[in-house]
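Below: the structure, in structure tokens.
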Amino acid sequence: MKRHRPVILGYDAVSPLGIDLETQWKRASEGRSGIVALTRFPLRDRFPVRIAGQVEDIDTGAYPFLASRDMALWSSPIFKYAMLVVRRALEKSGIEMTADLAPRTAITFSSAVGGLDAVIQADRLLVADGKLPHPFTNPNSCINMVGGKISIMTGATGPITATITACATGATSVIIGAMLIEAGMADVVICGAVDFPLVETLLGGFASMNGSFRPKEGQPEESPEKASRPFSLNRRGFVASEGAGCVVVASKAFAESRRLKPAFEMAGWAMTSDAHHFVAPNLETARRCIAESITHAGLVPGNIAAVNAHGTSTKIGDKIEVDALREVFGNRMPPVSANKSQTGHAMGASSAIEMILAMEGMRRDTLLPTINYAPDPEIDIDCVAEGARVLPQEFVLKNAFGFGGCNACVVLRRTE
């Protein structure tokens, strides 16, 4: 029996490249970077993280629903940015939340880090002044609360879950949404992820585990926009950033009943667990995730026009991702774009943002570049280093690999 793949009705994102999607696309296609000097908190003299991908503030005058008295209680930025991208993605989808649709609308929108910033701030006040936390401190820090706030805003009353798989959270959210649709438990799913991890304690932790970018000792300081360089010989770890992305997934029958014409469908997907190491990836399970997503789509590797990579700029991670791709595609590996070269690594939100940029590229017959690239002789790859490339794409593979060995791969299909 022929499967009816879930379709994508709308999407929206914020990233260090901009607040609106058109601006983000323009800057990305021009090869620009969103990495800047870190200003989220005062930097100590010897603090190792000095740069980041920062999202600009929202003009709440343009979005009055974010300026309400209630929103002032939700101090973590994850809430306002999540609600912004969800509201805009639903508007783009053409869906109106009605009484009959609400019970059939699910939410898998999630976060890898959540509102941990609220707890850290409350802890510092408690230690310094003995001041008890604000009553909304714990709700701000509940990772599943972002989905709850989305439910309250939209009125959706279908299944709700937080799909936390570290850096793969956004992709996992979309996959779980597709599975809910295929299981007949929902007609529409609000998917995606948000993370705003530019908090001193978190960034210091990334530095102490040698994951985040730091300049080479004794070398002159580089400009921030040159620091994120996936697959490059001189890569030196990821650049932490902020962002949010929402993808509205629906059943094909629902779209047809509402006379909606989706431009994309989720052709296939897969998830695997490394059972290997808490941060170092495992070649075999990464390879299997890639291969199984293509098989699930009913395709062969040769059908894939391009790969949107996880590509964080870590020494081992980038090498294993390319090795896994090479084992699947052999000598016919498609071009690979690494969006984190421009946006940095927005933790769980990164794969949602990158999936959205990939779909924009499919719609525009364009592959975004991997900037700051210096060839690594151990990584044989075509990463679109020359700048944005014109390329029609029917099928694109999106990779996402998270701490704890959480792998998620999605095959997207352009349908128009």
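The values are calculated or read from the model by the stated rules, or taken from the named source; none is laboratory data. Everything quoted here is computed from the prediction, not taken from an experiment. Because the Cβ atoms are built from the backbone with ideal geometry, glycine has one as well, and the counts that use them run over all protein chains shown.
Which pairs turn up if I take residues in the stretch 1-29 that are buried (at least 22 other Cβ atoms within 10 Å of the Cβ) and look for partners that are of a type in the set (Phe, Trp, Tyr) and modelled with pLDDT of 95 or more with beta carbon separation below 6 Å, at least 6 apart in sequence or on another chain?
Between residues of the stretch 1-29 that are buried (at least 22 other Cβ atoms within 10 Å of the Cβ) and residues that are of a type in the set (Phe, Trp, Tyr) and modelled with pLDDT of 95 or more, the close pairs are Ile8/Phe264; Val14/Tyr81.
Being surrounded by fewer than 22 Cβ atoms within 10 Å (Cβ to Cβ), at pLDDT 95 or above and not hydroxyl-bearing (Ser, Thr, Tyr) narrows it down to one of Gly218, Gly158, Gly211, Gly177, so name that one.
Criteria check complete, one pass: Gly158.
Okay, residues lined up against (1) at pLDDT 95 or above; (2) more than 28 Å from Ile19 (Cβ to Cβ); (3) not charged (D, E, K, R):
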{"position": "Ala227", "(1), (2), (3)": "yes, no, yes"}
{"position": "Gly237", "(1), (2), (3)": "no, no, yes"}
{"position": "Ser251", "(1), (2), (3)": "yes, yes, yes"}
{"position": "Arg259", "(1), (2), (3)": "yes, yes, no"}
{"position": "Thr272", "(1), (2), (3)": "yes, yes, yes"}
{"position": "Leu299", "(1), (2), (3)": "yes, yes, yes"}
{"position": "Thr312", "(1), (2), (3)": "yes, no, yes"}
{"position": "Gly330", "(1), (2), (3)": "yes, yes, yes"}
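What number of residues within the stretch 102-116 satisfy the criterion of being assigned to a loop (DSSP other than H, G, I, E, B) and over 22 Å from the mean Cα position of the chain (by Cα)?
Initial filter on the stretch 102-116 (assigned to a loop (DSSP other than H, G, I, E, B)): 108-109, 111-115.
Now drop any that are not over 22 Å from the mean Cα position of the chain (by Cα), which leaves none.
Matching residues across the stretch 102-116 total 0.
Of all residues in the stretch 234-253, how many are surrounded by 16 or more Cβ atoms within 10 Å (Cβ to Cβ) and under 22 Å from Val174 (Cα atoms)?
The first filter runs over the stretch 234-253 and keeps only residues surrounded by 16 or more Cβ atoms within 10 Å (Cβ to Cβ), leaving 235-252.
Narrowing the set further to residues that are under 22 Å from Val174 (Cα atoms) leaves 241-252.
Final tally of qualifying residues: 12.
Name the pairs: first residue in the stretch 284-309 and more than 22 Å from Ser273 (Cα to Cα), second residue of a type in the set (Phe, Trp, Tyr) and modelled with pLDDT of 95 or more, Cβ to Cβ under 6 Å, at least 6 apart or on different chains?
Asn303/Phe395; Ile304/Phe395; Ala305/Phe395
Quick check, is Ala291 surrounded by fewer than 24 Cβ atoms within 10 Å (Cβ to Cβ), hydrophobic (A, V, I, L, M, F, W, C), under 30 Å from Leu9 (Cβ atoms) and in contact with a strand residue (DSSP E or B) (Cβ under 9 Å, 6 or more places away or on another chain)? Please lay out each step first, then the result.
Values: surrounded by fewer than 24 Cβ atoms within 10 Å (Cβ to Cβ): yes; hydrophobic (A, V, I, L, M, F, W, C): yes; under 30 Å from Leu9 (Cβ atoms): yes; in contact with a strand residue (DSSP E or B) (Cβ under 9 Å, 6 or more places away or on another chain): yes.
Here the answer is yes, as Ala291 does meet what is asked.
Pick out the one residue from Glu265, Glu321, Glu256, Glu354 that is surrounded by fewer than 21 Cβ atoms within 10 Å (Cβ to Cβ) and of a type in the set (Asp, Glu). Break it down into steps so the answer makes sense when it comes.
Working: Glu265 fails: surrounded by fewer than 21 Cβ atoms within 10 Å (Cβ to Cβ); Glu321 fails: surrounded by fewer than 21 Cβ atoms within 10 Å (Cβ to Cβ); Glu354 fails: surrounded by fewer than 21 Cβ atoms within 10 Å (Cβ to Cβ).
Being surrounded by fewer than 21 Cβ atoms within 10 Å (Cβ to Cβ) and of a type in the set (Asp, Glu) holds for just one of Glu265, Glu321, Glu256, Glu354, which is Glu256.
Evaluate the stretch 296-304: report whether one residue or more is farther than 16 Å from Val410 by Cα and either surrounded by 24 or more Cβ atoms within 10 Å (Cβ to Cβ) or within 17 Å of the chain's Cα centre (by Cα) (or both).
The answer is no, given that none of the residues of the stretch 296-304 is farther than 16 Å from Val410 by Cα and either surrounded by 24 or more Cβ atoms within 10 Å (Cβ to Cβ) or within 17 Å of the chain's Cα centre (by Cα) (or both).
Could we say that Glu360 is modelled with pLDDT of 95 or more, crowded, with 23+ Cβ neighbours inside 10 Å and acidic (Asp, Glu) here?
So Glu360 fails the test.
Only one of these conditions is not met by Ile58: (1) in a loop (DSSP other than H, G, I, E, B); (2) under 30 Å from Gly158 (Cβ atoms); (3) more than 22 Å from the chain's Cα centre (by Cα). Which number is it?
(3)
Is at least one residue of the stretch 8-19 among the hydroxyl-bearing types (Ser, Thr, Tyr) and modelled with pLDDT under 95? I'd like the intermediate steps shown before the answer.
So in the stretch 8-19, the residues among the hydroxyl-bearing types (Ser, Thr, Tyr) come out as 11, 15.
Narrowing further to those that are modelled with pLDDT under 95: none.
No - not one qualifying residue is present in the stretch 8-19.
Pick from the stretch 88-98 the residues that are in contact (Cβ under 8 Å) with a residue 40 or more places away in the chain and not aliphatic (A, V, I, L, M): which of them is surrounded by the most Cβ atoms within 10 Å (Cβ to Cβ)? Let's see the steps before the verdict.
First pass over the stretch 88-98, keeping only residues in contact (Cβ under 8 Å) with a residue 40 or more places away in the chain: 88-95, 97.
Remaining after also requiring not aliphatic (A, V, I, L, M): 88, 91-94.
Numbers: Arg88: 19, Glu91: 13, Lys92: 15, Ser93: 24, Gly94: 15.
Step by step, filter the stretch 88-98, then rank; the result is Ser93.
Could you check the stretch 325-382 and list, in sequence order, the residues that are in a strand (DSSP E or B) and out of contact with any Ser or Thr (no Cβ under 7 Å at 6 or more places or on another chain)?
At the first step, the residues of the stretch 325-382 found to be in a strand (DSSP E or B) are 336-337, 345, 366-367.
Result: Val336, single match.
Going residue by residue through the stretch 56-64, is there one that turns out to be within 22 Å of Ser110 (Cβ to Cβ), surrounded by 13 or more Cβ atoms within 10 Å (Cβ to Cβ) and touching a strand residue (DSSP E or B) at 6+ places or on another chain (Cβ under 7 Å)?
No: the stretch 56-64 contains no residue that is within 22 Å of Ser110 (Cβ to Cβ), surrounded by 13 or more Cβ atoms within 10 Å (Cβ to Cβ) and touching a strand residue (DSSP E or B) at 6+ places or on another chain (Cβ under 7 Å).
To keep it simple, each residue is scored yes or no on (1) touching a strand residue (DSSP E or B) at 6+ places or on another chain (Cβ under 8 Å); (2) aromatic (Phe, Trp, Tyr); (3) touching a residue at least 40 places away in the same chain (Cβ under 8 Å); (4) not in a helix (DSSP H, G or I).
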{"residue": "Tyr81", "(1), (2), (3), (4)": "yes, yes, yes, no"}
{"residue": "Asp100", "(1), (2), (3), (4)": "no, no, no, yes"}
{"residue": "Ala118", "(1), (2), (3), (4)": "no, no, yes, no"}
{"residue": "Leu126", "(1), (2), (3), (4)": "no, no, no, no"}
{"residue": "Ser151", "(1), (2), (3), (4)": "yes, no, yes, no"}
{"residue": "Thr157", "(1), (2), (3), (4)": "yes, no, yes, yes"}
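Among the listed residues Leu66, Leu38, identify the single one that is over 23 Å from Glu222 (Cα atoms) and touching a Lys or Arg at 6+ places or on another chain (Cβ under 6 Å).
On the way: Leu38 fails: over 23 Å from Glu222 (Cα atoms).
One residue alone meets the criteria, Leu66.
Of everything in the stretch 29-76, what is hydroxyl-bearing (Ser, Thr, Tyr) and under 23 Å from Arg236 (Cα atoms)? Give them in sequence order.
Matches in the stretch 29-76: Ser33, Thr39.
Mind listing whichever residues of the stretch 65-87 are surrounded by 13 or more Cβ atoms within 10 Å (Cβ to Cβ), over 18 Å from Phe196 (Cβ atoms) and not aromatic (Phe, Trp, Tyr)? Working first, answer last.
Step one: of the stretch 65-87, the residues surrounded by 13 or more Cβ atoms within 10 Å (Cβ to Cβ) are 65-67, 71, 73-87.
Adding the requirement that they be over 18 Å from Phe196 (Cβ atoms) leaves 65, 67.
Ala67 - this is the single residue of the stretch 65-87 that is surrounded by 13 or more Cβ atoms within 10 Å (Cβ to Cβ), over 18 Å from Phe196 (Cβ atoms) and not aromatic (Phe, Trp, Tyr).
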